[in-house]
Every structure is written in C-alpha cells, then in structure tokens.
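All remarks here apply to the structure that follows.
No lab work stands behind these numbers, since they all come straight from the coordinates. Keep in mind the model is a prediction, meaning the values are calculated, not measured. Cβ: placed from backbone, ideal geometry, glycine included. Neighbour counts: every protein chain shown.
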Amino acid sequence: MKTLSLLLMLLTILMIVGFGMFYLLGFAMSFDAPGSTTDPKAWGMRLMLFAPILIFLVCLILAWKAYAGGHFGKSVMLGMVSPVVCIALYTWMSVTSMSSMKEYNDHVAKEEEMKAKYPVEKYVRTADGVSDTIIVWPNGIVAYRLHIEGMENTWNGPLGDLSEDRKTITYDRRSDTKLQIEELYHFMDQEGRIFTNVYAVK
C-alpha cells in the first residue's frame, strides 16, 4: 500500500504537469476569438479547463497528508481520484468526438445527396458588357454576384433562402442586399427560364 500510494502520487504529479501544459496552450488560444477577453462564457470555459488541475492538486495534497500520517489506504484512495478523473475525461472526449464525427459525416453525406439531386442553378442578367448572376445552391442558399459601378470586384451576398419544397424563395430584406426584388425578373438561365417564373419570391 505504501509503494502504491507513492506511485499514485507520482502519477498525479505527472498528470498535473501534463494538464498544466494543455491548459496554458488552451488558455492562450482562447483569446484568439474577437471579444473573448470580456466574454463571460469564454472565462467560464477557461475556469472549466483549470478544474481538473485544481482537483488533482487538492487530491495530491490530501494524499500526501494521509501518507505522512501513516494512513496509506486513504492515501491510495485519494491518489486514485486523478487517474479516474482522467479516464472519465478521456472517455467523455472520445464519445463526444465520435458523436461530432458522425454528425459531420451525416452532414457531408446529405450535402452530397443534395448536390446529386439538385445541381447548382445560375440565372444571368447581361447589360453593358457585364453579367450579374443569381446562384441557387443545392443546400437551399440563394446568392448573387453583382457588378456595381466604381467597384473593381463583384459584390457578393445572400439573396434569400429556398423553401423545403424548392418552390419559394424568402427574399433577404436587409439594407445591404444590393440586388432589389424588383430586378429579379431580368435574370434567366441557359434554357431561357426567367428566375421569377421558376421560383416564387416573397
């Protein structure tokens, strides 16, 4: 019991060092996002990352006190807390990683299915030697590329969202939508179909 107690305390020290390095890296990276210095959620995440180190440190101190007092069984029990917590964290991270990967794979599979079922559609308006384009993406996002006088590059932005039955487009009425709803009937695809005849816009 005495030797096991010492080995567990040594393991706890190694885990404190390892988690400490992980925490320092995570702590530094947590400030990369804009506004993260004042975001309460970001600080909550930083404290949560520090929690295992605090648990390990408390258990190490208590285990050492128990060892010094000759209570080797109690010291072993306290020394086992850190490995158990580490195993629990690893298991949780593995489960969440597999769950996230499954969600990602399902999303990719759905995207591929949508691409095969609904190819990208382009509706073009040509005037003064330049072409403006409305693009209907397989995932239901409708966007536009617009040439604006005085701008070197095209103005790109969302035009709206396609309904689930892919018959109606909900027009994005934000102030920065440069393509007005009244202009949509000017756009046609390669087959000569007028955009507003293919999709109802509301």
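Tabulated values for the structure
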{"item": "Diffusion coefficient, µm² s⁻¹, Stokes-Einstein with Kirkwood Rh over alpha-carbon pairs of the range 1-110 at 10 °C and 1.306 mPa s", "result": "99 µm²/s"}
{"item": "Net lengthening on full extension, ALA127/GLU149 (0.36 nm per residue, minus Cα-Cα)", "result": "6.7 nm"}
{"item": "Sequence of MET93, MET9 once ranked by neighbouring C-beta atoms within 10 Å, starting from the fewest", "result": "MET93, MET9"}
{"item": "Folded to 0 to 90 degrees: helix 2-29 orientation relative to the chain principal axis, Cα", "result": "30 degrees"}
{"item": "Dimensionless Rg/Rh of the range 46-112 - Kirkwood Rh, Rg from C-alpha atoms", "result": "1.31"}
{"item": "Residue (of VAL81, ASN139, HIS71) at the positive-pole extreme of the chain, dipole from beta-carbon charges", "result": "HIS71"}
{"item": "Cβ-placed point charges (K, R +1; D, E -1), dipole of the chain about Cα centre in debye, nearest 20", "result": "1300 debye"}
{"item": "Of every Cα-Cα pair in the chain, the percent that sits beyond 26 Å", "result": "62 percent"}
{"item": "Nitroxide proxy distance, nm - points 7 Å out along Cα→Cβ at TRP137 and LYS115", "result": "1.2 nm"}
{"item": "Largest-first principal axis extents, alpha carbons of the range 114-154, Å", "result": "38, 15, 10"}
{"item": "Surface/4 of the Cα convex hull for the range 121-201, nm²", "result": "5.5 nm²"}
{"item": "Total charge dipole magnitude, the range 2-115, about the Cα centre, Cβ charges on Lys, Arg, Asp, Glu only, Debye to nearest 20", "result": "680 debye"}
{"item": "30 Å Cα-Cα threshold exceeded, pairs from LYS110/LYS167; LYS115/LYS178; LYS115/LYS202; LYS122/LYS202; LYS117/LYS202; LYS102/LYS178", "result": "LYS102/LYS178"}
